[in-house]
1. Using only the alpha-carbon atoms of the range 83-154, report the extent along each of the three principal axes, biggest first, to the nearest angstrom.
2. Excluding residue 132 itself, calculate the net charge of residues whose Cβ lies under 11 Å from the Cβ of residue 132, where each Lys or Arg counts +1 and each Asp or Glu counts -1.
3. Quick check for you: which residues of the range 113-153 have the amide N under 15 Å from the point 7 Å beyond the Cα of residue 47 toward its beta carbon?
4. Simple spin-label model, 7 Å along Cα-to-Cβ: residue 151 to residue 139 in nm?
5. List the residues of the range 61-99 whose backbone N lies under 18 Å from a point placed 7 Å from the Cα of residue 161 along the Cα-to-Cβ direction.
6. Give the peptides 132-139, 109-116 in descending order of average Cβ contacts within 10 Å, highest first.
Amino acid sequence: MEQWTKLIKMGKTCVYGAVSGEKGGSIMRSKEEIINRINMVSKRDFFGFETGELVFHLPFDSAKEFLGPEVTREEYKQMSCERDDIVARMLDYMPFAWEKANGCRGISASRSMSYFAAWVWLSGDDLGNLLDYQYYGKDELARICEHYGWDTSQWDDGIRTNSG
């Protein structure tokens, strides 16, 4: 998926966003909600990590305005918007995110938090601001784990520092 992130057009903005949905089940964000969210977060998403995750949950016809011209319908792969699939993806990515946070890996840890911000929103949950970068995002990772019932002790080294 990261190979596509670089193809996102940057600097595209709009003035509104949308937040709705329910926790649980297979509630999916509408393409209009996702487009509104992309337009809202693109103002602050300097590297395009969160925006890229959101774009690839759209059907190609809706996503193409955010993609580079070299991306074709045939090579585009829409990611599932099913809550269970998104939560499974978060759990699958969680060890890597903790590895980067524990290792004080700045940009990688920041990218992880951008991904989780997109995934949590796509899942229909609201955990507040997940982009607070203190301690390489460890407290936010712990909050995400607590919300979804995942034991942080398997990943968290317990050290909180802002200098690696």
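Read-outs throughout are calculated quantities, based only on the coordinates presented, and are distinct from any laboratory measurement. If you're wondering where the values come from, they're calculated on a predicted model, not measured in any experiment. When we count neighbours, we look across all protein chains shown, and the Cβ atoms used for this are built from the backbone with ideal geometry, even at glycine.
1. 30, 23, 16
2. Every neighbour counted, the sum reads 0.
3. Answer for this model: 113-118, 131-138.
4. The modelled label-to-label distance comes out at 2.6 nm.
5. Within reach of a label on residue 161: 98-99.
6. Per-residue Cβ counts within 10 Å, averaged per peptide and sorted highest first, yield 109-116, 132-139.
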